[in-house]
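**Student:** Pasting in a structure now, in structure tokens, and then I'll have a few things to ask.
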Amino acid sequence: MTAAVATPTVRQTGRRWRFWIIAVVVLLVAGIIAVLARGVTGPGVPLSPTNAAPSGARALAQVLRAQGVDVVEPVGIAAAVAGAPGATLLLHDPQGILDESALDRLADAGAARLVLLDPAQSTLDELAPGVRMIGSTSASASADCDLPLVERAGTVTGDARLYTSAAGVERCWVEGAHGARLIVLDGGATLVAGTTGAFSNEQIVLEGNAAFALGLLGEHERLVWFQPTLADVAGGPPPDIGSLSPDWVIPLMLLLLAVAILAAVWRGRRFGPLVVEPLPAIVRADETMRGRARLTARAGARLRAADALRLGTLDRLATACALPASADVEPIASAVAERTGRSRTALVDLLRDRIPSNDRDLLRIAADLEELEDALRRALSFGRMDS
């Protein structure tokens, strides 16, 4: 006789794991949607002409294009230098990524106006000697110099840097004894713009910010908006693990992965399918009953033992009285009282309410339950004989 194979089919396995598969798929889809949504609505690069977030500057770039200014966002310092001649070159490098040689290339690129937006101190030392950053502010300030674009703007507000400068360098929007938001160098050819909030989508609509930003960047037909990255550092970005690893590492890892998969398949098929086999031991029901009785007696759980006896009695009484198995104590007691002539209240007390306080009470409950079942059997037998 061939034993029946108990290995589940693919359909049975899929049905068993269907909930978890669906849950994992839903979580993956939700994670992908969250990542995509975060990429669309995230903060992005601050003051980038393509960033529509509050910290970006897309609104300013679109207005400049509408006024006929060709806004170019070069990738790499070579493209920035190539597009700078005759144009306004905006350099936004707050981290000071560019080194001295790169800054010299931008200074000699032939831009009609060089705007240093929120520059690092290393950038100031190279392109605006004598200018130093001394702090930051977010208060409003009124113009106090004769530069036309400053006079048209009047008052600017929002996040800004404060600078100090050497003698002979014009400063506008001065706050306190030494602070200034805009410093004009070389007759207006090089400007240090510390009014960072005036360029952002969030603060450009405040007071004279828009007039200042448009006047500063819209004077020439082309605007080169350059924001350097680590790729512009001398020597390029740091090498990744792939470039540092030997050529044979990736083929070896793929080979090891293939070997692991083949080994798993081989070990999984070695023992064959599962089969049903009889257990070597048989446990009798009365042995289980006696074991549970000993545990109950050892724990002194008299009420639990009494409830177990009552449940069995209630089940047999309901069956004998043609009541459903889900019947409660009251209808069972009423049916038994009607057939045996006993008090319904006494039956409810026996079948549910009586609590044994010692072993003698427990034995008394067991004896009364057994006597009740005998009385019901006799009553039902007499009823059949009379009919």
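**Student:** Answer yes or no as to whether R65 is in the same structural domain as L216 (by TED's automatic domain parsing), in contact with a strand residue (DSSP E or B) (Cβ under 6 Å, 6 or more places away or on another chain), in a helix (DSSP H, G or I) and modelled with pLDDT of 85 or more.
**Tutor:** Working: in the same structural domain as L216 (by TED's automatic domain parsing): yes; in contact with a strand residue (DSSP E or B) (Cβ under 6 Å, 6 or more places away or on another chain): yes; in a helix (DSSP H, G or I): yes; modelled with pLDDT of 85 or more: yes.
Yes, satisfied.
**Student:** Under the condition of being surrounded by fewer than 14 Cβ atoms within 10 Å (Cβ to Cβ) and among the hydrophobic types (A, V, I, L, M, F, W, C), which residue from the stretch 129-152 is modelled with the lowest pLDDT?
**Tutor:** Of everything passing the filter in the stretch 129-152, A139 is modelled with the lowest pLDDT.
**Student:** Right, here's the next one. How many residues does the stretch 335-373 contain that are farther than 15 Å from C321 by Cβ and among the charged types (D, E, K, R)?
**Tutor:** Residues that pass the stated criteria total 11.
**Student:** Could I ask something else about it? Checking the condition modelled with pLDDT of 70 or more, in contact with a strand residue (DSSP E or B) (Cβ under 6 Å, 6 or more places away or on another chain) and not assigned by TED's automatic domain parsing to the domain that holds V348, which residue from L295, L216, L254, L223 passes? Even if it seems obvious, please write down each step before you answer.
**Tutor:** Details: L295 fails: in contact with a strand residue (DSSP E or B) (Cβ under 6 Å, 6 or more places away or on another chain); L216 fails: in contact with a strand residue (DSSP E or B) (Cβ under 6 Å, 6 or more places away or on another chain); L254 fails: in contact with a strand residue (DSSP E or B) (Cβ under 6 Å, 6 or more places away or on another chain).
Within the list L295, L216, L254, L223, the selection yields L223.
**Student:** Still on this structure, I have one more. Of the residues that sit in the stretch 56-80 and are under 17 Å from D93 (Cβ atoms) and without any contact (Cβ under 8 Å) to a residue 12 or more places away in the chain, which one is nearest to the chain's Cα centre (by Cα)?
**Tutor:** Per the stated criteria, the residue is V75.
**Student:** Something else about it: Yes or no: A211 touching a helix residue (DSSP H, G or I) at 6+ places or on another chain (Cβ under 6 Å) and farther than 22 Å from T123 by Cβ?
**Tutor:** Values: touching a helix residue (DSSP H, G or I) at 6+ places or on another chain (Cβ under 6 Å): yes; farther than 22 Å from T123 by Cβ: yes.
Yes; evaluated as a whole, the condition is true for this residue.
**Student:** I'd like to check something: does the stretch 168-181 contain any residue that is under 24 Å from A61 (Cβ atoms), in contact (Cβ under 8 Å) with a residue 40 or more places away in the chain and exposed (fewer than 15 other Cβ atoms within 10 Å of the Cβ)? So that I can check it myself, show each step before the final result.
**Tutor:** From the stretch 168-181, those under 24 Å from A61 (Cβ atoms) are 172-173, 181; that's our starting set.
From what's left, in contact (Cβ under 8 Å) with a residue 40 or more places away in the chain: 181.
Right, trim to exposed (fewer than 15 other Cβ atoms within 10 Å of the Cβ) and you get none.
Among the residues of the stretch 168-181, not one is under 24 Å from A61 (Cβ atoms), in contact (Cβ under 8 Å) with a residue 40 or more places away in the chain and exposed (fewer than 15 other Cβ atoms within 10 Å of the Cβ), which makes the answer no.
**Student:** Next question. Yes or no: A166 in contact with a Leu (Cβ under 6 Å, 6 or more places away or on another chain), under 26 Å from D99 (Cα atoms) and not hydroxyl-bearing (S, T, Y)?
**Tutor:** Numbers: in contact with a Leu (Cβ under 6 Å, 6 or more places away or on another chain): no; under 26 Å from D99 (Cα atoms): yes; not hydroxyl-bearing (S, T, Y): yes.
When the stated conditions are applied, A166 does not pass them.
**Student:** Counting only residues that are surrounded by fewer than 20 Cβ atoms within 10 Å (Cβ to Cβ), modelled with pLDDT of 90 or more and in a loop (DSSP other than H, G, I, E, B), how many does the stretch 68-85 have?
**Tutor:** Total meeting the criteria: 3.
**Student:** I'd like to know if the stretch 113-123 contains one or more residues that are over 12 Å from W173 (Cβ atoms), among the hydroxyl-bearing types (S, T, Y) and in a helix (DSSP H, G or I). Outline the logic, then answer.
**Tutor:** Step one: of the stretch 113-123, the residues over 12 Å from W173 (Cβ atoms) are 113-123.
Among the residues that remain, those that are also among the hydroxyl-bearing types (S, T, Y) are: 122-123.
Checking which are in a helix (DSSP H, G or I) leaves us with 122-123.
Yes, the conditions are met somewhere in the stretch 113-123.
**Student:** For the stretch 292-367, which fully contained helices (runs of 4 or more DSSP H) count at least 2 residues that are touching a Phe, Trp or Tyr at 6+ places or on another chain (Cβ under 7 Å)? First the steps, then the outcome.
**Tutor:** Values: elements: 302-320, 329-340, 344-348.
In the stretch 292-367, no matching helices (runs of 4 or more DSSP H) lie anywhere.
Listed here are the residues, each with its yes/no results for (1) in contact (Cβ under 8 Å) with a residue 60 or more places away in the chain; (2) surrounded by fewer than 13 Cβ atoms within 10 Å (Cβ to Cβ); (3) at positive phi; (4) under 54 Å from the mean Cα position of the chain (by Cα).
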{"position": "R298", "(1), (2), (3), (4)": "no, yes, no, yes"}
{"position": "T340", "(1), (2), (3), (4)": "no, no, no, no"}
{"position": "R354", "(1), (2), (3), (4)": "no, no, no, no"}
{"position": "D359", "(1), (2), (3), (4)": "no, yes, no, no"}
{"position": "I365", "(1), (2), (3), (4)": "no, no, no, no"}
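**Student:** Report yes if some residue within the stretch 94-115 is polar (S, T, N, Q), in contact with an Asp or Glu (Cβ under 9 Å, 6 or more places away or on another chain) and either assigned by TED's automatic domain parsing to the domain that holds L64 or more than 22 Å from L64 (Cα to Cα) (or both); otherwise report no. Talk me through it step by step, then tell me what you get.
**Tutor:** Our first condition is that a residue be polar (S, T, N, Q); within the stretch 94-115, this holds for 95, 101.
Retained after the next criterion (residues that are in contact with an Asp or Glu (Cβ under 9 Å, 6 or more places away or on another chain)): none.
Looking through the stretch 94-115, none of the residues is polar (S, T, N, Q), in contact with an Asp or Glu (Cβ under 9 Å, 6 or more places away or on another chain) and either assigned by TED's automatic domain parsing to the domain that holds L64 or more than 22 Å from L64 (Cα to Cα) (or both).
The values are calculated or read from the model by the stated rules, or taken from the named source; none is laboratory data. Fair warning: this is a prediction, and the values are worked out from it, not measured in the lab. Cβ: placed from backbone, ideal geometry, glycine included. Neighbour counts: every protein chain shown.
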